[in-house]
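See below for the structure under consideration.
The values are calculated or read from the model by the stated rules, or taken from the named source; none is laboratory data. Since the model is a prediction, treat every value here as computed from it, not as a measurement. Virtual Cβ from ideal backbone geometry, glycine too; neighbours counted across all protein chains shown.
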Amino acid sequence: MFQILVLPLIAVAITQTLKILIKSNGLKADWKSLMSYSGMPSSHASMVTSLATIVGLTEGWHSALFAVSTVYAILTIRDAVGVRRYLGQHGRILNILVKDLKDDQVLEQKYPVLTESIGHTPTQVLVGAIIGFTISMIGYFIL
């Protein structure tokens, strides 16, 4: 039971830390960057893949808990790639619209700059999932 809780948390901590170290993400080593939503690798995919993997290893691949954790992983990853990425595109367009209407000071004061990078690419999700799977496999056989 301990592994089911700890290993996904270790996986998400590792992937969030890696985000700061990967220069292409453009993140700085600060607390705000440590909590970023997007970038390489996907901590969402890492955490839910780690969870499903360790549940499968400890509870059995045919257990109801593995089925639930797998469905949860699929929904989370779908959200990270699809819905949140789409929201980032909306944020980018709305920021451009507000900027284009810069003569109207009310717009700049009333509407904040929206976050544009809140989703993941399929590659970021794949790398995160590989990290999560690896962390759970190593943790299962070591702990």
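The table for this structure:
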item: Residues satisfying the stated conditions in the stretch 37-72, i.e. assigned to a loop (DSSP other than H, G, I, E, B) and either modelled with pLDDT of 90 or more or out of contact with any helix residue (DSSP H, G or I) (no Cβ under 6 Å at 6 or more places or on another chain) (or both); result: Tyr37, Ser38, Gly60, Trp61, His62, Ser63
item: Cβ pairs under 9 Å, 6+ apart, first in the stretch 1-18 and at pLDDT 90 or above, second of a type in the set (D, E, K, R) and assigned to a helix (DSSP H, G or I); result: Ile4/Glu59
item: Single residue of the stretch 102-143 satisfying the filter (charged (D, E, K, R) and in a loop (DSSP other than H, G, I, E, B)) that is modelled with the lowest pLDDT; result: Glu116
item: Residue that is modelled with the lowest pLDDT, among those in the stretch 19-36 that are closer than 29 Å to Phe141 by Cα and in contact with a Leu (Cβ under 7 Å, 6 or more places away or on another chain); result: Ile20
